[in-house]
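Worksheet: one structure, shown below.
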Amino acid sequence: MPPQPIATGLFAFEGNWESDLSDRASITTLLQTLQEWTDMKCIRRDIGTEGELEYYINRWLDDEHASYQVGYFGFHGTAGNLWLDDRRVRLNDLEEMIDGRASGRVIHFSSCSVMRAGPDRLDKFRKRAGARAVTGYRKDVYSIEAFAFELLLLQALSTYRRISAPDNYVWTHAGGLYESLGFDYRY
């Protein structure tokens, strides 16, 4: 019997990467690759305002989307913050939006430096969100390296039941990227 997945679906929240709206940077290719090569289903939503972020977090956490066990937050970031253009969304703000409803889910910050908030703050966030795990980067990351790394990470989340197994798998297969990107996790 094949391993039971920890996640069969990914719900992606994506902000603007550039102020120039004709810029085509997007996580779409990553999600398409995941869907073609794994059994993971993906939903992606453009997020331009805090209201949109809260609306789609509520949709992600409703019963209809219970199989979407990974919340993927693709935004610019700084230590403990996501950025919606020039508007900061703090971990406290996300805690309030999630309101303990992320039970059993993984929250992945595909955002520069969010995990520099520190282990105590991230543990507090994970517990208040009710998440099974929180993952992301302590450093500023570059898209092509993060893309390659996240293919392995998200594939592992769709393959292994124990939350420590994806970490072991990714370390074994992408240890250099793991370290150079400053990947971090709390579970």
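The values are calculated or read from the model by the stated rules, or taken from the named source; none is laboratory data. Note that the structure is predicted; figures quoted are calculated from it, not measured. A quick note on method: Cβ atoms are made from the backbone with ideal geometry, for glycine too, and the neighbour counts reach across all protein chains shown. Surface areas here come from the heavy atoms of the whole protein model, side chains and all, with no ligands, DNA or RNA. Shrake-Rupley method; radii C 1.70, N 1.55, O 1.52, S 1.80 Å.
Points to keep in mind about this one:
- Three semi-axes of the equivalent ellipsoid, the range 64-148, Cα gyration tensor, whole Å, largest first: 20, 15, 12
- Residues whose amide H lies under 5 Å from that of Ala12, counting only those 5 or more places away or on a different chain, are Ile43, Arg44, Arg45, Tyr72; hydrogens are built 1.01 Å from N in the peptide plane.
- In plain terms, the C-alpha convex hull of the range 48-103 casts an average shadow of 3.9 nm² when viewed from every direction.
- Annotation: per residue accessible area for the chain equals 50 Å², rounded to a whole number [probe 1.4 Å, protein chains only].
- The distance between label points at Arg59 and Thr33 comes to 2.5 nm (points 7 Å beyond Cα on the Cα→Cβ vector).
- Column: log10 I(q)/I(0), Debye, Cα scatterers of the chain, q = 0.11, 0.12, 0.18 Å⁻¹: -0.42, -0.50, -1.27
- Residue by residue, the range 175-181 carries 3J(HN,Hα) couplings of x, x, 5, 3, 6, 5, 7 Hz when phi is fed to the Karplus relation 6.51 cos²θ - 1.76 cosθ + 1.60 (θ = phi - 60°); x denotes Gly or Pro.
- Here the chain has 47 percent of its accessible surface on carbon and sulfur atoms, given a 1.4 Å probe and all protein chains in place.
- 3J(HN,Hα) along the range 128-144: 5, 6, x, 6, 6, 7, 10, 10, x, 10, 8, 10, 6, 10, 10, 4, 5 Hz, from the Karplus curve 6.51 cos²θ - 1.76 cosθ + 1.60 with θ = phi - 60°, whole Hz, x for Gly and Pro.
- Solvent exposure, largest accessible area first (probe 1.4 Å, DNA, RNA and ligands not counted), of Phe125, Phe147: Phe147, Phe125
- Computed about the Cα centre, the dipole magnitude for the chain is approximately 760 debye when only Lys and Arg (+1) and Asp and Glu (-1) carry charge, each at its Cβ.
- Residue-averaged [θ]222 nm for the chain, counting only DSSP H segments that reach four residues, each worth -39500 (n - 2.57): -12000 deg cm²/dmol
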